[in-house]
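First comes the structure, then the notes that go with it.
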Amino acid sequence: MASEPKMTGCEGGRIEYELNRILGIIAMLRSPSGCLWDRQQTISDVGTFLMDEVCEVLDAIESGSLENLKEELGDLLFQVFFMAIVAKEEGNFDIGDIMAGASDKMIRRHPHVFGNLEVETVDEIRKNWELIKSREREDGEKEDSIFQGVPRSLPALRRAFKVSSRAARVGFDWRDAGGVLEKVLEEIGEIRQSLLLGDAVKIEEEMGDLLFSVVNLCRHANVDPDRALRGTVRKFVERFSFMAEKIAEEGKTLKSATMGDMDRLWELSKSLLKPGDIK
């Protein structure tokens, strides 16, 4: 059985110093002589910024800038510490409770590292992880649904992926990607019919069904739908910006350019800007 990891004296001292420093800064901001705006913030208020901070971290990762990533991780960490200070002020929990809970959970869910369980593959590790999580839920409050624990506030694409994955664990799933592809084609046919009828409510419903089916297709193809879509959007923005720049060089604007101009320059952007070159 492996022992819990320990920091070296120098490393641990610096981390302890910086931890106390940032908590002290937040405490000062929240004090009567601190910042009026910061004193008024609640956990709910700070929570509204979390998604923005997470997205900025993802952008930094995709940009490949480690300096930017360090800064954005700091911004995200600050939000976590700020909520911990507010919770402590309210007599609920503090940053020590948060870190202790996270450490205990990681040790508990890695018995192949901190215990005597023997595993040979990553798949075995994942299955055991889910089994431990299931037992933890049984020891706590009884769940009414296999979807409990999937946050409603997740972006729709990510939530769809998690919900469909949960359903698949209990056998409610297509056998293979081919079956999902057939469902995607079926949904496209239903959208075509709803568009012909001009039924706005039905169109929205069928669009949702199509998107959910595409997410399932991604899951079966071992593709992260968020990452795939972010890549496509990034590619579109780069190619569109290239097209707009070339149109301007020709003395035109996007409004004055013809569709033929745009198609020509769009195809040029595709030949010059390869996916691997787009950051």
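What the table below lists for this structure:
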{"read-out": "Cβ-placed point charges (K, R +1; D, E -1), dipole of the chain about Cα centre in debye, nearest 20", "value": "260 debye"}
{"read-out": "Relative contact order of the chain, pairs being alpha-carbon contacts under 8 Å that are 6 or more residues apart, as %", "value": "12 percent"}
{"read-out": "Electrostatic dipole magnitude of the range 156-223 [Cβ: Lys, Arg +1; Asp, Glu -1; Cα centre; debye, to 20]", "value": "520 debye"}
{"read-out": "Within the range 9-108: Cβ-based charge dipole about Cα centre, in debye rounded to nearest 20 (Lys, Arg +1; Asp, Glu -1)", "value": "440 debye"}
{"read-out": "Dipole of the chain, positive end: most advanced residue of GLY115, ILE43, VAL215 [Cβ charges, Cα centre]", "value": "VAL215"}
{"read-out": "Cα-based helix-to-principal-axis angle, 66-89 vs the chain, degrees rounded to 10", "value": "50 degrees"}
{"read-out": "Choice from MET28, MET207, MET259 with maximal GNM fluctuation in the chain (Cα, 10 Å cutoff)", "value": "MET259"}
{"read-out": "Rounded Å value of the spacing that divides the Cα centres of the range 16-84 and the range 97-140", "value": "29 Å"}
{"read-out": "Alpha-carbon Rg/Rh ratio, for the range 156-223, with Rh computed the Kirkwood way", "value": "1.02"}
{"read-out": "Max mean-square fluctuation residue, GNM over the chain, Cα-Cα springs under 10 Å, options VAL170, VAL214, VAL80", "value": "VAL170"}
{"read-out": "Of SER44, SER256, SER63, the one that fluctuates the most in a GNM where the chain has Cα springs shorter than 10 Å", "value": "SER256"}
{"read-out": "Angle between the chain longest axis and helix 9-30 axis [Cα atoms, degrees, rounded to 10]", "value": "80 degrees"}
{"read-out": "Using alpha-carbon coordinates, inclination of helix 43-63 to the longest axis of the chain, degrees", "value": "60 degrees"}
{"read-out": "Correct choice for volume of the Cα convex hull per residue in Å³ that was computed from the model, options (i) 143; (ii) 122; (iii) 259", "value": "(iii)"}
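Bear in mind that the values in this text are calculations on the coordinates, not laboratory data. Treat the numbers as computed from the prediction; the structure is a model and nothing was measured. Cβ: placed from backbone, ideal geometry, glycine included. Neighbour counts: every protein chain shown.
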